[in-house]
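What follows draws every value from the coordinates through simple rules; no lab data is involved. Here the structure is a predicted model, which means the values were calculated and not measured. Cβ: placed from backbone, ideal geometry, glycine included. Neighbour counts: every protein chain shown.
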Amino acid sequence: MDEPFPEENKSQETSQSTFYPCVIGQSKVLLDVFTIIEKVCNTNTTVLIQGESGTGKELIAQALHYGSDRKNGPFVPVNCGAIPGELLESELFGHEKGAFTHAIRTRLGRFELADSGTVFLDEVAEMSPMLQVKLLRVLQEKQFERIGGTKTIISDFRVIAATNKNLEDEVSKGRFREDLYYRLTVVPIKAPPLRDRISDIPLLAEYFIEKFNRSKKRAISGISEEAMRHLLRYPWPGNVRELENVVERMVLLSHGERIGCDDLPERILRPEKRVEHTGEIPQQGFCLSDQVAEFEKGLIVQALDQTNWVKNRAAKLLNVNRTTLLEKMKRYGIEKEDE
């Protein structure tokens with residue numbers, strides 16, 4: 001998912017997939033997204049992309065940018081959730097020399113650097129109330145001042161925002177400004193979860209195999225039919241990012257020229273081992289502590305897959321501290337298989 005324009009995908013038969021090669025798939029829900037992209041990419045309209053983690057929201061933003069007249073300008077991503085709040089303002093607006101301690105030189109902000117291009121605000125719901133006010137002004141006037149400066153900076157950029165949260169709920173709870181919400185959602189796009197586009201899994205798996213064959217110097221020729229049936233049955237809570245991580249490990253650890261069932265992670269090969277909370281208790285019963293442990297282990301592995309095994313981010317996703325996560329990983333014997 002970190003290669004925005006895979007050359008392999010340019011040979012796909014559908015015009016939409018060819019026109020937006022950064023987004024791989026031919027399912028109906030994805031073609032509906034392509035239709036919206038085609039209608040709005042050549043406008044300056046603000047777009048809000050909503051969807052679960054790992055669904056490819058940044059790739060949709062890239063498709064909007066590179067399919068537009070701004071394609072020769074910069075595409076400037078900003079992860080609002082990964083930058084501490086006290087630093088995010090400087091990242092966005094820049095600062096003048098001496099504006100604060102350690103400001104030893106003037107720095108241009110992302111809005112200024114994105115002149116003639118696109119700013120992609122990922123995890124925009126994590127932005128502080130103060131910055132939400134400043135963002136609203138920037139969207140309305142397309143001008144701002146650097147921190148510590150008095151000169152008004154004018155920049156011609158388009159804003160595309162993304163979030164995995166329900167912004168209507170955030171507005172109702174007072175955590176997100178209503179006026180900013182309406183300014184961002186001029187055109188909403190829903191990034192579909194992988195479970196809603198199962199037919200795209202073979203295409204995605206093929207692309208990831210080719211990608212990791214190159215980067216890992218392997219020569220895996222494909223996936224067996226039986227192994228593919230398991231991939232198609234799995235619900236993929238981590239979406240495309242989880243699929244990418246699974247394929248990477250399978251390419252590295254495969255025992256033959258083709259990926260088979262023996263190469264699949266246990267949670268995908270035998271999902272029936274887990275008793276879903278909505279299911280019925282089997283007649284023969286089960287060990288509650290074992291099921292709770294298996295469920296917890298599965299959630300930890302999924303969180304690690306979704307965050308590319310960055311433990312700080314996985315702990316944040318699970319709402320536990322890093323020490324607790326490390327203790328549970330040790331208890332369950334969870335290790336990255338290619339380490």
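Return the FRET efficiency for the residue pair Lys142, Thr35: r is the Cβ-Cβ distance, R0 is 30 Å, and the value is rounded to the nearest 0.05.
On the way: r = 28 Å, r/R0 = 0.94.
My answer for the efficiency is 0.60.
Charging the Cβ of each Asp and Glu at -1 and of each Lys and Arg at +1, and nothing else, the dipole of the chain about its Cα centre rounds to 820 debye.
All other residues with a Cβ under 14 Å from the Cβ of Ile36 taken together, and with Lys, Arg as +1 and Asp, Glu as -1, what is their net charge? List each step's numbers first, then the result.
Values: positive: Lys28, Lys39, Lys57, Lys190; negative: Asp32, Glu38.
Local net charge: +2.
For the chain, a Gaussian network of Cα nodes joined below 10 Å ranks Thr101, Thr324, Thr152 by mean-square fluctuation, and the top entry is Thr101. Residues Phe157, Phe295, Phe120, Phe100 in ascending order of nearby Cβ atoms (within 10 Å, fewest first): Phe100, Phe295, Phe157, Phe120. DSSP beta bridges confined to the chain are antiparallel in about 20 percent of cases. Rank Leu252, Thr163, Ile147 by how far each Cα sits towards the positive end of the charge dipole of the chain (+1 on Lys, Arg Cβ; -1 on Asp, Glu Cβ) and give me just the farthest. Of the options given, the answer is Ile147.
Quick note on the chain: its Rg to Rh ratio, both from C-alpha atoms and Rh being the Kirkwood radius, is 1.00. How much net charge surrounds Ala161 when only the other residues with a Cβ under 12 Å from the Cβ of Ala161 are counted, with Lys and Arg +1 and Asp and Glu -1? With Lys, Arg at +1 and Asp, Glu at -1, the net is 0.
Can you give the angle from 0 to 90° between the axis of helix 28-40 and the longest principal axis of the chain, with both taken from C-alpha atoms, to the nearest 10? Compared with the principal axis, the helix lies near 10 degrees. When the chain is treated as a GNM with alpha-carbon contacts under 10 Å, the residue of Leu243, Leu269, Leu194 showing the greatest mean-square fluctuation is Leu269. Modelled label positions at Thr43 and Leu253, each set 7 Å beyond Cα in the direction of Cβ, lie 4.8 nm from each other. Taking a quarter of the surface of the Cα convex hull of the range 107-243 gives a mean projected area of 12.0 nm².
The range 306-339 and the range 21-40 have Cα centres lying 34 Å from one another. In the range 60-183 the Cα-Cα distances spread across 10 Å bins starting at 0 as 13, 42, 35, 10, 0 percent of all pairs.
Model label sites at Glu296 and Val186, defined 7 Å from Cα along the beta-carbon direction, differ in position by 4.9 nm.
Using the Cβ of Phe111 as centre and a radius below 12 Å, the other residues enclosed give a net charge of -1, where K and R count +1 and D and E count -1. Couplings 3J(HN,Hα) for the range 72-80, derived from phi with the Karplus relation 6.51 cos²θ - 1.76 cosθ + 1.60 (θ = phi - 60°), are 8, x, x, 9, 10, x, 9, 8, 5 Hz, where x marks Gly and Pro.
Under a Cβ-only charge scheme (Lys and Arg +1, Asp and Glu -1), can you give me the dipole magnitude of the range 194-273 about the Cα centre, in debye to the nearest 20?
Details: 15 positive and 14 negative charges, 45 e Å.
Dipole size: approximately 220 debye.
I want to verify a result. In a Gaussian network model of the chain, Cα cutoff 10 Å, which of these has the top mean-square fluctuation: Ser68, Ser215, Ser53? Answer for the Gaussian network model of the chain: Ser215.
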